[in-house]
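Worksheet for the structure shown next.
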Amino acid sequence: MGLTKNQEKIVSVFIKLIIVTTIFFPIRDQYIKKGIYFTTFALPAFVTWGLIFFLGSAGKAEKEKSKFMWIYMGVLALYLGTALFFDFFYHHYYWELFHKTAAFLLIPLLWYMLPAGFFERNKVLSFLLATIVISCIISIVLYYAGIDRVLFDKASLIPRIIHHGEATTYPDKRLTFTYPHKSEYGVFLVLYSALCLKFKDMFKKKLLFFGAVFTVLFTAYLTNSVATLACVAVVFAGYALWKLPWKRLHVIYKIALGGISLLLFGVMGAYGYQYVAAKRDLASMGSRFPIWKASIAAILANPAGIGMEFNKLAIWNEAKNCHNVFLVEMLWHSIPVGILLIVLFLVMLAKGFWKYGAFSAATWIGLLGMLCIDYSMKDFNLPMLMLCLFLLFFMREEKGIVQSGG
């Protein structure tokens, strides 16, 4: 027997709490010892564990079989087991593993435990879309009020307000909102863009949809992140290609439309190149090439990882991290752990890359672009990221809310 109506309501409350605590109240605590800081308590992860324990005791799993889920859980078991080995024998730090375990378990748990129609029936999707738009509006207002960040990093309900130009901020004016860095906000703006587009029909009026899209795009612009703008643009371009009526067109029109599309992308690419070149040194990808080179050298010199020493390490010049999520995983947790994280993402990529044609492919390209260009995925934000990936690529289709391509 599956979940009862009351149990479904409780599960929906847990999921909505994950959304709210990640976007508005990402309360976490940091432990500092000998100049090294690291996250301990993270509220979104604790809410996720509450959901896991409730679902684990609430009902039987759906009987639908999935080779993808078996492969995913096998790789996940290897990843978590290997991470635990290196944490136990080398690093003696378990909080990050605690958060990641909850996050990565979300996908198989939601797949097996939630029936089709759950997210629409319990208004989870409409809640998420509304929360995304409201949060973007609030972050825009804060930006024009001179506020860079709103941080809940002292395990307190009262946040630290960081204004533009303070010593703790970066020299350029940017919008970070409740995230530690603009690249982390950028990752979610890429996913928020994709969610608004995929669930376009959830908006009751076209004006609301276009307003939501404009709000997310303008927020991405205010982050002052070239990578975020580029990756969000990739998502919208992929969606446009997916919606074109390719199947109904004569081959001549397909060729002509394809040529026009390439020309438009070429013009946009040229404009984007000039825009980026004015802000960054493209010859070194904004210093990414020397940072990655130094990171790889450090990884090879420390194959078992350096653990908490990572937080006081200078990789190259003033760069204090590898500017790549997967390189960070290798340097912090060991080469085997980093490789298994890559494999885990490749498993998800193989399942979801072409599910919605060019749209899903572009979303993955945008997401991986953000993950590979900066340290943009922290363990305390991971539950929300996995929830977004589940909704975009892995949930059982709900009739009437997901569009089809052209």
Label-to-label distance, nm, for residues given as PHE353 and ASP29 (7 Å Cα→Cβ offset): 4.3 nm
Largest-first ranking of ARG149, ARG121 by accessible area, probe 1.4 Å, whole protein assembly kept, is ARG121, ARG149
If amide hydrogens are placed 1.01 Å from N in the peptide plane, which non-local residues have theirs closer than 5 Å to the one on THR40? ASP29, GLN30, TYR31
Cα-Cα separations in region 112-236 greater than 22 Å, expressed as whole percent: 41 percent
Using alpha carbons only, how many angstrom separate the centre of region 91-154 from the centre of region 320-340? 23 Å
Please give the solvent-accessible surface of LYS16 in Å², to the nearest 10, using a probe radius of 1.4 Å with every protein chain present. 50 Å²
Give me the accessible area of LYS355, 1.4 Å probe, in Å² rounded to the nearest 10. 80 Å²
Counting only protein heavy atoms and using a 1.4 Å probe, what share of the accessible area of region 107-174 belongs to carbon plus sulfur, as a whole percent? 68 percent
Using per-residue counts of other Cβ atoms within 10 Å, averaged over each peptide, order 390-397, 191-198 from highest down. 191-198, 390-397
Sites ARG396 and ASP172, calculated FRET efficiency, Cβ-Cβ separation with R0 35 Å, nearest 0.05: 0.20
What whole-number value in Å² describes the accessible area per residue of region 85-218 for a 1.4 Å probe? 43 Å²
Put a dot 7 Å past each Cα toward the Cβ at VAL13 and ALA294; how far apart are the dots in nm? 5.0 nm
Would you mind computing Rg(Cα) / (2.2 N^0.38 Å) for region 42-179, counting N as its residues? 1.38
Sequence-distant or interchain residues sharing an amide H contact under 5 Å with PHE177, placed H: which? VAL150
Is there a pair in LYS16/LYS206; LYS16/LYS182; LYS100/LYS198; LYS182/LYS205; LYS206/LYS351; LYS154/LYS198 whose C-alpha atoms are over 28 Å apart, and which pairs would that be? LYS182/LYS205; LYS206/LYS351; LYS154/LYS198
Virtual spin-label span in nm between ALA301 and PHE210, 7 Å along Cα→Cβ: 5.6 nm
Principal axis extents for region 302-395, Cα atoms only, whole Å, descending order, please. 42, 25, 20
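The values are calculated or read from the model by the stated rules, or taken from the named source; none is laboratory data. Because the structure is a prediction, the values reported are computed rather than measured. A quick note on method: Cβ atoms are made from the backbone with ideal geometry, for glycine too, and the neighbour counts reach across all protein chains shown. The area values use the complete protein model at the heavy-atom level, side chains included, leaving out ligands, DNA and RNA. Shrake-Rupley method; radii C 1.70, N 1.55, O 1.52, S 1.80 Å.
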